[in-house]
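Below you'll find the structure, written out as structure tokens, and then a few comments.
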Amino acid sequence: MQDQVHLTDPRALRAYAHPTRMTLVGLLRREGPCTATQAARSIGESVASCSYHLRILAKYGLVEEADPGGPGRDKPWRATAEYTNWPNHSDDPAVAQAAEALTAAVLENHFHRVTRALEVRHELPREWQEAEVFSDHVLYLTPEELTELGEAVDALVARYRDRGTHPERRPERARRVAFLRVGHVLPDPGGVPGEEER
């Protein structure tokens, strides 16, 4: 599996924005190769739906057949990369619009996952509740400083990334943790009442 797949085709960006497809790619990255039947059991979709969405994902290079000789729905699929990347900016309006739609879909997916995590947070041991991070900071940065901050966070996260594909490197008490990084420009104060405090 390569490190990342970079999407620039508007059709690929729109295709990946489908929640079932994002779920399937996540499943294959996390669990490794599986068939449409196995995927259906894992994510609660029909086999026909999973088979269809896996073929669409394969069309745009996000998944591939792990065993090209496998028959029909029994053939295993695997993710082609550990991460998906797409443009933050494009001069092509079609790419820009599709990339923004994908970003919105991913953020909505993260929102639902965080909401579900909060609903069951009380079931976690105290040490995990205390370790979880729910915070935000309002900073005054230049574009260069925001880029530098993002790269510094990425460098810290990179220390732990190989544990996903190498289980033997995980410490005994390690658990899967979603670590989100979002940095966006806020409206100027005075634009929308109360907006700058959110």
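The values are calculated or read from the model by the stated rules, or taken from the named source; none is laboratory data. Please read these numbers as outputs of a predicted model, since none were measured by experiment. All Cβ positions, glycine included, derive from the backbone under ideal geometry; neighbour counts span all protein chains shown.
Kindly indicate which of THR80, THR103, THR115 is in contact with a strand residue (DSSP E or B) (Cβ under 7 Å, 6 or more places away or on another chain) and of a type outside the set (A, V, I, L, M, F, W, C).
Selected residue: THR80, the only one of THR80, THR103, THR115 that is in contact with a strand residue (DSSP E or B) (Cβ under 7 Å, 6 or more places away or on another chain) and of a type outside the set (A, V, I, L, M, F, W, C).
Within region 48-80, which residues are surrounded by 14 or more Cβ atoms within 10 Å (Cβ to Cβ), of a type in the set (A, V, I, L, M) and either at pLDDT 95 or above or in a helix (DSSP H, G or I) (or both)?
Matches in region 48-80: LEU54, ILE56, LEU57, ALA58, LEU62, VAL63, ALA79.
Within region 76-101, track down each residue that is out of contact with any helix residue (DSSP H, G or I) (no Cβ under 7 Å at 6 or more places or on another chain) and of a type in the set (Asp, Glu).
Within region 76-101, ASP91, ASP92, GLU100 meet the criteria.
Look at region 157-193 and say how many of its residues are exposed (fewer than 10 other Cβ atoms within 10 Å of the Cβ) and not in a loop (DSSP other than H, G, I, E, B).
3
Hey, among the residues in region 81-113 that are surrounded by 15 or more Cβ atoms within 10 Å (Cβ to Cβ) and of a type in the set (S, T, N, Q), which one's nearest to PHE179 (Cα to Cα)?
ASN109
Can you name every residue in region 114-151 that is surrounded by 12 or more Cβ atoms within 10 Å (Cβ to Cβ) and either touching a residue at least 60 places away in the same chain (Cβ under 8 Å) or under 17 Å from the mean Cα position of the chain (by Cα) (or both)?
Within region 114-151, VAL114, ALA117, GLY150 meet the criteria.
Tally up the residues in region 41-63 that are in contact with a strand residue (DSSP E or B) (Cβ under 6 Å, 6 or more places away or on another chain) and acidic (Asp, Glu), please.
0
So, GLU65, is that one farther than 21 Å from PHE179 by Cα and touching a helix residue (DSSP H, G or I) at 6+ places or on another chain (Cβ under 8 Å) or not?
For GLU65, the condition - farther than 21 Å from PHE179 by Cα and touching a helix residue (DSSP H, G or I) at 6+ places or on another chain (Cβ under 8 Å) - is met.
Restricting attention to region 29-39, does a residue exist that is over 20 Å from GLN4 (Cβ atoms), in a helix (DSSP H, G or I) and touching a Cys at 6+ places or on another chain (Cβ under 7 Å)?
For region 29-39, residues over 20 Å from GLN4 (Cβ atoms), in a helix (DSSP H, G or I) and touching a Cys at 6+ places or on another chain (Cβ under 7 Å): present.
For the condition not in a helix (DSSP H, G or I) and not polar (S, T, N, Q), what is the one hit in VAL133, VAL114?
After ruling out the rest, the residue left standing is VAL133.
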